[in-house]
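Working notes, structure below.
The values are calculated or read from the model by the stated rules, or taken from the named source; none is laboratory data. This one's a predicted model, so the numbers in the text were calculated from it and none came from an experiment. Reconstructed Cβ throughout: ideal geometry from the backbone, glycine too, with neighbour counts over all protein chains shown.
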């Protein structure tokens, strides 16, 4: 109602038309993996790492987990235990792994005082690793104490003291080290090491 010269004149209420537009052509997300890599991905219940052939992928680009993965960030299941872990920062981290089969015996124990990791990289400080393996494709022992071990975008730099010794000549992987000095090459990564410094990078 509108007041006009002391008289109320009825007015027509305004109306609005609301149209909802829907895009029926939704964008299709495409994987960055090659057809061959996608064909090797296998879903496994209870595990975050999904791969049929680990040796064909090479180390993860942005993590220090030590596994092989085709992804930018690690999808491997982790057995690491931390006293404090929040927001990508953890304190007093411990991990252990091992394998026993008819053709392989291996084990490894690792510790880091501080660890910082997110989608862009992984860094461990005041860390140490001891382990060994023996199988049909090689034999070796690991023993190192690191001030810093950092990996990001496929480049890993470690500084500390290492006496890693061994040889691996399996398909796609070649590594020779004597008391921390040596060279390693696989399908995706190449590295050079000394007892006090090591650098590795992904060339694919």
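Here are a few things to note about the model shown:
- Single match in 50, 64 (criterion: modelled with pLDDT under 55, assigned to a loop (DSSP other than H, G, I, E, B) and either surrounded by 14 or more Cβ atoms within 10 Å (Cβ to Cβ) or in contact with a helix residue (DSSP H, G or I) (Cβ under 6 Å, 6 or more places away or on another chain) (or both)): 50
- Within region 140-175, the set of residues being in a strand (DSSP E or B), more than 23 Å from the chain's Cα centre (by Cα) and more than 18 Å from residue 127 (Cα to Cα) comprises 140, 165, 166, 167.
Okay, residues lined up against (1) within 25 Å of residue 196 (Cβ to Cβ); (2) in contact (Cβ under 8 Å) with a residue 24 or more places away in the chain; (3) not in a strand (DSSP E or B):
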| residue | (1), (2), (3) |
| --- | --- |
| 84 | no, no, no |
| 109 | yes, no, no |
| 114 | yes, yes, no |
| 122 | yes, yes, no |
| 177 | yes, yes, no |
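- Residue list for region 87-107, filter: closer than 22 Å to residue 147 by Cα and assigned to a strand (DSSP E or B): 89, 90, 91, 92, 93, 94, 95, 96
- Matching entry among 145, 157 (being closer than 28 Å to residue 89 by Cα, in contact with a strand residue (DSSP E or B) (Cβ under 7 Å, 6 or more places away or on another chain) and surrounded by 15 or more Cβ atoms within 10 Å (Cβ to Cβ)): 157
- Index of the failed condition, residue 204 passing every other in (1) more than 29 Å from residue 101 (Cβ to Cβ); (2) part of a strand (DSSP E or B); (3) under 19 Å from the mean Cα position of the chain (by Cα): (2)
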